[in-house]
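Take a look at the structure set out below.
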Number of protein chains: 4
Amino acid sequence: MSVRRSAEGAVSPRAQETMFAIKKLEAAPGLSWCSDVPIPKPGPRDVVVAVTHTGMCGTDRHIYEWDAWSSQRVPLGTTIGHEFVGRVAAVGFDVVRTSIGDRVSGEGHIGCGRCQPCRTGNGHICERVDILGIDRDGAFAQYLLLPEDNIWPVHDAIPDRVAAMLDPLGNAMHTVTAAGVSGRSVLITGVGVIGLMATAIAHAAGASLIIAVDIVPRHLEMAREFGASYTFRGDDPDWPAEARRLTHGQGPEVLLEMSGSPAAIRAGFRALRNGGTAALLGLPSRPVEFDLPNDIIFKGATVLGINGRKMYETWYQVEGYLLSGRVPVEAVVSHELPIEQFEHAFDLLRSGEATKIILSVPANA
Amino acid sequence: MSVRRSAEGAVSPRAQETMFAIKKLEAAPGLSWCSDVPIPKPGPRDVVVAVTHTGMCGTDRHIYEWDAWSSQRVPLGTTIGHEFVGRVAAVGFDVVRTSIGDRVSGEGHIGCGRCQPCRTGNGHICERVDILGIDRDGAFAQYLLLPEDNIWPVHDAIPDRVAAMLDPLGNAMHTVTAAGVSGRSVLITGVGVIGLMATAIAHAAGASLIIAVDIVPRHLEMAREFGASYTFRGDDPDWPAEARRLTHGQGPEVLLEMSGSPAAIRAGFRALRNGGTAALLGLPSRPVEFDLPNDIIFKGATVLGINGRKMYETWYQVEGYLLSGRVPVEAVVSHELPIEQFEHAFDLLRSGEATKIILSVPANA
Amino acid sequence: MSVRRSAEGAVSPRAQETMFAIKKLEAAPGLSWCSDVPIPKPGPRDVVVAVTHTGMCGTDRHIYEWDAWSSQRVPLGTTIGHEFVGRVAAVGFDVVRTSIGDRVSGEGHIGCGRCQPCRTGNGHICERVDILGIDRDGAFAQYLLLPEDNIWPVHDAIPDRVAAMLDPLGNAMHTVTAAGVSGRSVLITGVGVIGLMATAIAHAAGASLIIAVDIVPRHLEMAREFGASYTFRGDDPDWPAEARRLTHGQGPEVLLEMSGSPAAIRAGFRALRNGGTAALLGLPSRPVEFDLPNDIIFKGATVLGINGRKMYETWYQVEGYLLSGRVPVEAVVSHELPIEQFEHAFDLLRSGEATKIILSVPANA
Amino acid sequence: MSVRRSAEGAVSPRAQETMFAIKKLEAAPGLSWCSDVPIPKPGPRDVVVAVTHTGMCGTDRHIYEWDAWSSQRVPLGTTIGHEFVGRVAAVGFDVVRTSIGDRVSGEGHIGCGRCQPCRTGNGHICERVDILGIDRDGAFAQYLLLPEDNIWPVHDAIPDRVAAMLDPLGNAMHTVTAAGVSGRSVLITGVGVIGLMATAIAHAAGASLIIAVDIVPRHLEMAREFGASYTFRGDDPDWPAEARRLTHGQGPEVLLEMSGSPAAIRAGFRALRNGGTAALLGLPSRPVEFDLPNDIIFKGATVLGINGRKMYETWYQVEGYLLSGRVPVEAVVSHELPIEQFEHAFDLLRSGEATKIILSVPANA
């Protein structure tokens, strides 16, 4: 194969032919540890990354559990995982701005590069987008392959645990930025990992007031640490009225929807102020009924569907915020485990014991 | 008639004490012609307008038929109607920029004037808004009363038939402007009166392509005259696929929803391009189910609830377009009748024979 | 006169006919303390405020010194001052939302109320605007008169010293908000009082990096306390190069110009990143030469002229930020003095010893 | 060389080694016809285009005349010209979406591809941008070379004469779009070729009123044909006052500056309405003095520096407008000449006889 030895002397693909990868092999719950998967070979414009840390996401759990969505979308045999940081191990011969040894993360949405969205900075909504760890082999492996265009060099001041979460941080940043929170009152429904990140970013971005809603008490506690002024249990039927009371009786100006719960979505829209903005990131698993006149039309509301990250405006924004030191997102990491313990990690996620889990790859340390 | 100043400095019609008005008197279908209604007296900052022409709107028909919405909202005894042009007949003593005899129309949303929306140019979404002809006595009468703040002086070059429709023209303008159509492909679902106005405005505003959908063949014919490049029958199940085919296979960039039909709304969202904008003006009479991930979230769509007109930015925009001579909206008027023939006019609306009907007030001619 | 006693029992105009006011009486440097000025009487929609605290502004100093600008603009006899907080002492009979005793500040730009800017939320740029303390009698007095539309009720949680500065805080907020600083690197040229306020607001609004430039070392120290990451002496010729170095070699993304110095303006534009935004608030006293191709055109820069405050969007934003507790602007107040000591206060300003001076009105305490 | 025969059988580079090119060879006025220039060979991601038509631009004339700007910027030996349409004659081996024989134009700004502007859809303001025909060999030749990223496939419905002008059409579109003209009154200072294009686009984009100013009477006549409602001679000192009179006494809401004349720029700013937007495309050859307080700050103006075209949003917009059939820009072409007659063409430009000249390349017809 055409790859070259890392300047840092890390384990080089040249010395080995195969690697481990965690794959979806059967149409049933579970994932398989495969120990002799061929190491990917870069095409002319591709980069191979030796993964050092990879984040676990709700999507990974859906694929593990083989739910309705994943069983229709994910081809059997796929290596899962899409959040990562690592070192460049090999580059194609037409790669121009990336070098062996660079510490990098990357954008997991691989656009077609030809369509109008791709050619206007909106590759995240390319109709033919391929997603790392869903449509093609991903980051729960010793090495992954990505086009150079998708590689993001990681600043030295950003620690590995945070660098492994740039993908969900980008989701949170894209949501907060699209909605616009500066000087405005913000309601966040769902403060799991991305909701907590959004809380921290909205606080740093000048939200005048943040109200967080979730059904997990620990999430609410963390939300207060991340900048929420008020928190409510999602099963408290009075929270929408309380949210309005806290905002001059008019309701919050911004709704960041990160729960995917139809009930929370409906309650959030009811609470939203006339003229307010709702940014929707959480994915409901079933249709949601809207009372369009009262929820959106008479209200003069703006509703924004949020998908992925803007390529690459969002990445620059995330870097700017991280370097400012004002979004302490590392605190969402509850566990760091060697990737060999992935079954235990999924148990921790399922039990609700974990918030964010980072898997380290000792072989590439 | 002649006018005079009242003891308080207000001016009132001298020759008569009463007037006619068309009122909702009973909780049943129908409206009543009342011939000895007291002429309204202006408060300090109010203006009384002698109506010369008033437009008939779908809302008036809902109130006539006493449907679920109107029977909950409209107090019995209310004079209906909210589209008008006329001459100022009397002014309160604290009126400062309006004079007896001015030719005027007016904004029918009367905001509270104190809340944040009212104080930031968004009085159309004031939570305590009163609407002319719905919450207070309206324009199907010889005289109407409005706060001076809501009075709009009508430019001489705008004919009465058009001036009587500034309210729905403003709805169309607000929808088109909020969505942003310049250089973009536009789908309009529902080309009744406001949809036709939106077609004309979108064409003048530089839409690169306009696709109109309706179930009434005559509306589609008119849409083509107003600037639509392609039209489809709403009951043709292939229209969303055709709309995508006509737009590089990606779907239109803008959806202007003016039908209120849940089926059209769902089809419109399915057709919409990734990254597109949907502006919703039509009011569905029942809940609408959304497949949020595919209709809005993955699509990265922007959805705008449109209500009334921006106060008064939209009014200036309408005036600018009308004076440019490039929105030939007078052609939507299919009938002009004396207001005494209002029952016949409602028959024409119900039968589908009429598009827009203007009622003239001979007494004020 | 028609005014009534305050519920709180504050000194009432009814008990007196005259008041003190600080006026520009002669076309020469200086101001006059006038002790028997008639107390203003409210017109139908006017409010009379018993001033308790008033802020001193650079504009007041220009009028004191009778510079080129003020000698052309300010009519002799005018009471100066435009920053204030106080209690409502009297209201006109057509005042509807303001009561005797309310603690209020107010917008000093009094628009005509009829023109397009006034009717679209942009009264700050009304061509016929009258400014308090410049075109009409202002706040350096025991009582001032303002139309009710311009009155802003002050939240209880905002202390008097801050409430007396809502006008310049609004300037700073308008500048920061118009430019958009969230996640962006910001250069502030001129960190006197408004520049310091802008520093605090930009920090709270999520600027990723703030670079402050001034010629007064104490201002730079304060800027660091208010959130600036780096500061430079304006007479250090290397600062533009340093500012670029600190921002990935590309220059800051936002310039907030608050010095009015032609040299600083030119240097700021040179430092600005391609595609950056410059918001100009500082008023140069002489023409400024631009190398348009390199400073603006090739750079793809956006330049925003900032005047006053948006009416009243900016006021809501200021309130939101103040209540969030994250803009510690009270620290700009270096001195609080009784208004009788205004001559000493001007000395302190001239000497550079003072940053912001608040004058209290013991008679209304 | 590695190029391949065109499917259409057009003259193929394989059959020849050299071509003609019009080059700047000496540091003096004039250009040289060189007949045995090596045909460019594509790198891995490059495309070679057989030029069929190329447009002449004011920039080409500056280089011909060797003015101050060009003598500092353009390396001797450069082939000039940057507006073109042609057929793909050869492609590098890593080219993925372009085929031999494709009819194409291209973006002449070649960004570095690595910096923040390049990675966020703003490659037109890349600090290391290379421009075709200025910094590298251009379009006044039988063949030109461009990275595939910069190639724009031309729609069949767009005629060659228009396709050869997509570059300046994009300048006009970028200017009009950035300013936002829908429903607004527009002043265009300078209606040479790009100003005329901007007139047509602003008209199609819904400008309510267009006022054009130029010193060439023929330009003003053409501007009226392209949609201007009013035109003024630039040497008529009353035009700014007239422009204000025609716009409710307030001045136009938008200024599109395309003259580069300091006097026109100053007059344009004076005429501009409070709150208006000025988009600057014309390049003054000397510094311009601004009265910042009155021209920009008190006015609350927005000033936009316009450079090139957004990559590639502007290209999609131009295509949409052209296909709508509503911007009849072909009419700006006054002459089409074989490229061998370039000296005559420059004479025509200099004499003012020509508006736009298209040079055809018979060898590639």
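The values are calculated or read from the model by the stated rules, or taken from the named source; none is laboratory data. These figures come from a predicted structure and were not determined experimentally. So basically every Cβ, Gly included, is an ideal-geometry build from the backbone, and we count neighbours across all protein chains shown.
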> Looking only at residues in the stretch D:136-177 that are within 14 Å of chain B (Cβ to nearest Cβ) and in contact with a Phe, Trp or Tyr (Cβ under 8 Å, 6 or more places away or on another chain), which one is farthest from D:His109 (Cα to Cα)?
Replying inline: D:Met173
> Quick check, is C:Leu348 without any contact (Cβ under 8 Å) to a residue 24 or more places away in the chain and either over 30 Å from A:Gly227 (Cβ atoms) or more than 7 Å from every other protein chain (Cβ to nearest Cβ) (or both)?
Replying inline: yes
>> Can you tell me how many residues within the stretch B:198-227 are touching a residue at least 24 places away in the same chain (Cβ under 8 Å) and away from chain D (no Cβ under 14 Å)?
In response: 11
>> Looking at D:Val176 and the list (1) closer than 18 Å to D:Glu225 by Cβ; (2) surrounded by fewer than 24 Cβ atoms within 10 Å (Cβ to Cβ), which single condition is not satisfied?
In response: (2)
>> Condition check: within 14 Å of chain C (Cβ to nearest Cβ) and either surrounded by fewer than 20 Cβ atoms within 10 Å (Cβ to Cβ) or not in a loop (DSSP other than H, G, I, E, B) (or both). Does A:Val318 satisfy that?
In response: yes
>> Quick check on B:Arg103: is it among the basic types (Lys, Arg) and modelled with pLDDT under 95?
In response: no
> Are any residues in the stretch C:258-300 under 17 Å from C:Arg233 (Cβ atoms), assigned to a loop (DSSP other than H, G, I, E, B) and touching a strand residue (DSSP E or B) at 6+ places or on another chain (Cβ under 6 Å), and if so, which ones?
Replying inline: C:Ser259
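Kindly indicate which of C:Glu257, C:Glu253, C:Glu313 is crowded, with 23+ Cβ neighbours inside 10 Å, within 14 Å of chain A (Cβ to nearest Cβ) and in contact (Cβ under 8 Å) with a residue 60 or more places away in the chain. Explain how you work it out, then say what you get.
Details: C:Glu257 fails: within 14 Å of chain A (Cβ to nearest Cβ); C:Glu313 fails: crowded, with 23+ Cβ neighbours inside 10 Å.
When all the criteria are applied, what remains is C:Glu253.
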>> Quick check on the stretch A:173-194. Is at least one of its residues closer than 19 Å to A:Gly234 by Cα and free of Cβ contacts under 8 Å to residues at least 60 places away in the same chain?
In response: no
> Looking only at residues in the stretch A:261-275 that are among the aliphatic types (A, V, I, L, M) and touching a Pro at 6+ places or on another chain (Cβ under 8 Å), which one is farthest from the other protein chains (Cβ to nearest Cβ)?
Replying inline: A:Ala267
>> Based on this model, can you work out whether C:Thr355 counts as of a type outside the set (Asp, Glu), farther than 20 Å from C:Ala139 by Cα and modelled with pLDDT of 95 or more?
In response: no
> Could you say which residue among A:Thr18, A:Thr54 is at pLDDT 95 or above, among the polar types (S, T, N, Q) and under 21 Å from the mean Cα position of the chain (by Cα)?
Replying inline: A:Thr54
>> I need a count of the residues in the stretch A:79-113 that are hydroxyl-bearing (Ser, Thr, Tyr) and touching a Leu at 6+ places or on another chain (Cβ under 9 Å).
In response: 2
> Do we find that C:Gly170 is under 30 Å from C:Ala50 (Cβ atoms) and out of contact with any Pro (no Cβ under 8 Å at 6 or more places or on another chain) in this structure?
Replying inline: yes
> What are the residues in the stretch A:52-75 that are of a type in the set (Gly, Ala, Ser) and crowded, with 21+ Cβ neighbours inside 10 Å, if any?
Replying inline: A:Gly55
>> Looking at the stretch B:65-74, can you tell me whether even one residue there is under 21 Å from B:Leu349 (Cβ atoms) and touching a Pro at 6+ places or on another chain (Cβ under 7 Å)?
In response: yes
>> If I filter the stretch A:322-340 for residues that are modelled with pLDDT of 95 or more, within 14 Å of chain C (Cβ to nearest Cβ) and in a helix (DSSP H, G or I), do I get at least one hit?
In response: yes
>> I'm trying to understand the selection: among the residues of the stretch A:112-134, which are over 27 Å from A:Ile22 (Cα atoms) and small (Gly, Ala, Ser)?
In response: A:Gly113, A:Gly121, A:Gly123
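Looking only at the stretch B:24-54, filter to residues that are among the small types (Gly, Ala, Ser) and either assigned to a strand (DSSP E or B) or within 26 Å of B:Gln72 (Cβ to Cβ) (or both); which one of those is farthest from the other protein chains (Cβ to nearest Cβ)?
Top of the filtered list is B:Ser35.
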>> Just to be sure I understand the filter: pairs with C-beta atoms under 9 Å, separated by 6 or more residues or on different chains, first member in the stretch B:117-135 and within 14 Å of chain C (Cβ to nearest Cβ) and touching a residue at least 12 places away in the same chain (Cβ under 8 Å), second member in a helix (DSSP H, G or I) and of a type in the set (Ser, Thr, Tyr). Which pairs pass?
In response: B:His124/B:Thr314
> Looking at the stretch A:204-218, which of its residues are surrounded by fewer than 24 Cβ atoms within 10 Å (Cβ to Cβ) and in a helix (DSSP H, G or I)?
Replying inline: A:Pro217, A:Arg218
> What is the residue count in the stretch A:178-236 for residues that are among the charged types (D, E, K, R), more than 25 Å from A:Gly275 (Cα to Cα) and touching a strand residue (DSSP E or B) at 6+ places or on another chain (Cβ under 7 Å)?
Replying inline: 1
> Residue check, A:Gly123 against (1) within 30 Å of A:Ala331 (Cβ to Cβ); (2) crowded, with 21+ Cβ neighbours inside 10 Å, all met but one. Which one?
Replying inline: (1)
> Are any of the residues in the stretch D:152-169 at pLDDT 95 or above, surrounded by fewer than 20 Cβ atoms within 10 Å (Cβ to Cβ) and farther than 23 Å from D:Leu359 by Cα?
Replying inline: no
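Can you tell me which residue among C:Arg273, C:Arg184, C:Arg224 is over 19 Å from the mean Cα position of the chain (by Cα), surrounded by fewer than 19 Cβ atoms within 10 Å (Cβ to Cβ) and either aliphatic (A, V, I, L, M) or more than 20 Å from C:Leu322 (Cβ to Cβ) (or both)? Give the steps one after another, and end with the answer.
Working: C:Arg273 fails: surrounded by fewer than 19 Cβ atoms within 10 Å (Cβ to Cβ); C:Arg184 fails: surrounded by fewer than 19 Cβ atoms within 10 Å (Cβ to Cβ).
Every option except C:Arg224 fails the conditions.
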> Out of the residues in the stretch A:276-310 that are more than 14 Å from chain C (Cβ to nearest Cβ) and of a type in the set (D, E, K, R), which is surrounded by the fewest Cβ atoms within 10 Å (Cβ to Cβ)?
Replying inline: A:Arg286
